[in-house]
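Right, one structure below, let's go through it.
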Amino acid sequence: MKKKPRIGVFKFASCDGCQLSLLDAEDQLLAIADAIEIAYFPEASRTMAKGPYDIALVEGSITTHHDAQRIQEIRRQSKTLVTIGACATSGGIQALRNWRDVDEFIRVVYASPKFISTLKLSTPIAEHVPVDFELRGCPINQFQLVELIAATLAGRRHNVPTYSVCIECKTRETVCVAVARGMACLGPVTQAGCGAVCPAFDRGCYGCYGPMDSANTASITKQFRILGQSDQQIARAFRGFNAWDWQFRKASEECEHK
């Protein structure tokens, strides 16, 4: 009997939302459940089998020395490593601390700062180990995750889009909020995956899926200024869930230093 591919799901600094998206995809997962073995998934099971794993799904950013060591071990034990969600792919919302003094935050928040050990920066998994694929989103799209797992198991190319949210707006025939409403919207530079939910409810895109391939942040920054946004407002727009992604980071810092 052919051995089933083994999957491990691991968590670092995050809110668990991407793991919950995986659990919420139970109907879709049933289609491939017989073909895989969930060997390690503390969020969903008390079974914690040791590696090696065929696929490792990693949520969360690296924020402590222990995290930095543990991700190295997970990488060694995994044939394919996939980062899931904004925290794992770009440092997450916690990466906002990267522009400030983290020691000051610790002194303000914790009664006994001496017991807190943390790195200066919150960084994505790819800054520590080689990553085979990054699945964007805050949280991830559960259908994209199931598609990625199925494609990996079948040895075929995945069908996860890399075009912008604007394409999703057009697909669902949503009126462009930037053109029709004069709203600041990150849709033109943000990767698709959410179904353009914010523009559908008359709100500008917040960039939850991070920058699309070759995102023209200089152009969108110029457009934001035309709409009356200050440099401070533009920098803040880029500093959301994917603030530490290099394209959004560069755009925000250029506005901040003007």
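The values are calculated or read from the model by the stated rules, or taken from the named source; none is laboratory data. Since we're looking at a predicted model, the values are computed, not measured. Note that we place each Cβ from the backbone using ideal geometry, even for glycine, and neighbour counts take in every protein chain shown.
Report whether or not PRO211 is surrounded by 23 or more Cβ atoms within 10 Å (Cβ to Cβ) and modelled with pLDDT under 95.
Judged against the criteria, PRO211 is not a match.
All of (1) without any contact (Cβ under 8 Å) to a residue 24 or more places away in the chain; (2) within 19 Å of ASN242 (Cα to Cα); (3) not polar (S, T, N, Q) hold for ALA111 with one exception: (2). Within the option set ASN141, ASN98, being touching a Cys at 6+ places or on another chain (Cβ under 8 Å) and not assigned by TED's automatic domain parsing to the domain that holds PRO211 holds for one residue only, ASN141. Just checking, does region 224-233 include any residue being aliphatic (A, V, I, L, M) and in contact with a strand residue (DSSP E or B) (Cβ under 9 Å, 6 or more places away or on another chain)? No, region 224-233 contains no residue that is aliphatic (A, V, I, L, M) and in contact with a strand residue (DSSP E or B) (Cβ under 9 Å, 6 or more places away or on another chain). Contact map, region 29-51: first residue assigned by TED's automatic domain parsing to the domain that holds GLN19, second residue acidic (Asp, Glu) and in a loop (DSSP other than H, G, I, E, B), Cβ cut-off under 8 Å, separation 6 or more or different chains; pairs are GLU43/ASP16. Taken together, SER219, SER252, SER214 contain a single residue that is assigned to a loop (DSSP other than H, G, I, E, B) and among the small types (Gly, Ala, Ser), which is SER214.
So in region 55-105, with the set limited to residues that are of a type in the set (Asp, Glu) and at pLDDT 95 or above, which one is farthest from ASP132 (Cα to Cα)? Here the answer is ASP67. Regarding region 157-167, can at least one residue be identified that is in contact (Cβ under 8 Å) with a residue 24 or more places away in the chain, aromatic (Phe, Trp, Tyr) and part of a helix (DSSP H, G or I)? Looking through region 157-167, none of the residues is in contact (Cβ under 8 Å) with a residue 24 or more places away in the chain, aromatic (Phe, Trp, Tyr) and part of a helix (DSSP H, G or I). Out of the residues in region 170-208 that are of a type in the set (Lys, Arg) and outside any loop (DSSP other than H, G, I, E, B), which is surrounded by the fewest Cβ atoms within 10 Å (Cβ to Cβ)? The residue in question is LYS170. Where residues in region 25-49 are surrounded by fewer than 13 Cβ atoms within 10 Å (Cβ to Cβ) and part of a helix (DSSP H, G or I), which of them is nearest to the chain's Cα centre (by Cα)? Per the criteria, the residue is GLU26.
Cβ-Cβ contacts under 6 Å between residues 6 or more apart (or on different chains), taken from a first residue in region 168-194 that is not assigned by TED's automatic domain parsing to the domain that holds ALA237 to a second residue that is among the hydroxyl-bearing types (Ser, Thr, Tyr) and surrounded by fewer than 23 Cβ atoms within 10 Å (Cβ to Cβ), are absent.
Go through ALA243, ALA237 for me and flag whichever is modelled with pLDDT of 95 or more, under 21 Å from the mean Cα position of the chain (by Cα) and closer than 22 Å to ARG181 by Cβ. None of the other options fit; the residue is ALA237. Candidates in region 135-163 are the residues that are among the β-branched types (Val, Ile, Thr) and surrounded by 15 or more Cβ atoms within 10 Å (Cβ to Cβ); of these, the one that is nearest to the chain's Cα centre (by Cα) is ILE140. Has region 53-61 got any residue that is acidic (Asp, Glu) and part of a helix (DSSP H, G or I)? Among the residues of region 53-61, not one is acidic (Asp, Glu) and part of a helix (DSSP H, G or I), which makes the answer no.
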